[in-house]
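In what follows, a single structure is set out as structure tokens and then discussed.
The values are calculated or read from the model by the stated rules, or taken from the named source; none is laboratory data. Every value quoted in this text rests on a predicted model; they were computed, and no experiment measured them. In this analysis, Cβ positions are derived from the backbone assuming ideal geometry, glycine residues included, and neighbour counts consider all displayed protein chains. Keep in mind that these areas ignore ligands, DNA and RNA; they rest on the heavy atoms of the full protein, side chains included. Shrake-Rupley method; radii C 1.70, N 1.55, O 1.52, S 1.80 Å.
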Amino acid sequence: MPLFETVIDLAAGADVIRRRRYGVIETAAGRLTAVRFRPFPKWANLLDVFWFGRWQHQSRRAGSDRCRLYFNQPRRFSNFLAVSYMVSGRGTRLETVYAALAALDEIARIKRTDALLADLINSRVSPRLLARQGWQPHKPSRWHRHYIKRFYGEYPPPRAS
């Protein structure tokens, strides 16, 4: 198995998607451009979020409509996908973020995942926006905003692109 693989068509790359655990969904201009699989997970830390993420967000051109969403399938909990990190620029439209989330839903369907999990640090992502996408608060905590999107065999229909 190669260390890095790229899938452009999710339906055609279903075998690769089922086999690989760690990846990056890349979207631009409201469309999926690629899913790049990696041999190791992405772990976000506060340095990534508050320094590198902010720098990357501010340094991208205002017209740059791109988004990258990192996800992991933990070995210990293989029926879940964890959203570990999302990077976008100032010019990223909501439609491009929705395309990344729709691709994540489709990957969850292909892998027969029970739920998606995320720990949000960015306070600009509102609970209302998350609720519209099917995310619910999970495991209340004073310092973290944990969210879950449950499937348990019932997946949203694929997004028309």
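List the number of the failed condition for H144; all other conditions in (1) closer than 14 Å to F71 by Cβ; (2) touching a strand residue (DSSP E or B) at 6+ places or on another chain (Cβ under 7 Å) hold. Checking H144 against (1) closer than 14 Å to F71 by Cβ; (2) touching a strand residue (DSSP E or B) at 6+ places or on another chain (Cβ under 7 Å), the one that fails is (1). Applying the condition of being of a type in the set (G, A, S) and more than 22 Å from Y22 (Cβ to Cβ) to the range 80-99 and asking which residue is modelled with the lowest pLDDT yields G89. Sort out which residues of the range 1-36 are open to solvent by 80 Å² or more (accessible area, probe 1.4 Å) and β-branched (V, I, T), and write them in order of number. Answer for the range 1-36, where residues must be open to solvent by 80 Å² or more (accessible area, probe 1.4 Å) and β-branched (V, I, T): just I8.
Contact map, the range 101-121: first residue among the polar types (S, T, N, Q), second residue in a helix (DSSP H, G or I), Cβ cut-off under 9 Å, separation 6 or more or different chains; pairs are T113/I107. When residues in the range 1-41 are screened for being in contact with a Phe, Trp or Tyr (Cβ under 6 Å, 6 or more places away or on another chain), among the small types (G, A, S) and more than 15 Å from A100 (Cβ to Cβ), 0 of them pass. If A108 satisfies all but one of (1) surrounded by 13 or more Cβ atoms within 10 Å (Cβ to Cβ); (2) out of contact with any Leu (no Cβ under 7 Å at 6 or more places or on another chain); (3) not basic (K, R), what's the number of the condition it fails? Condition not satisfied by A108: (2).
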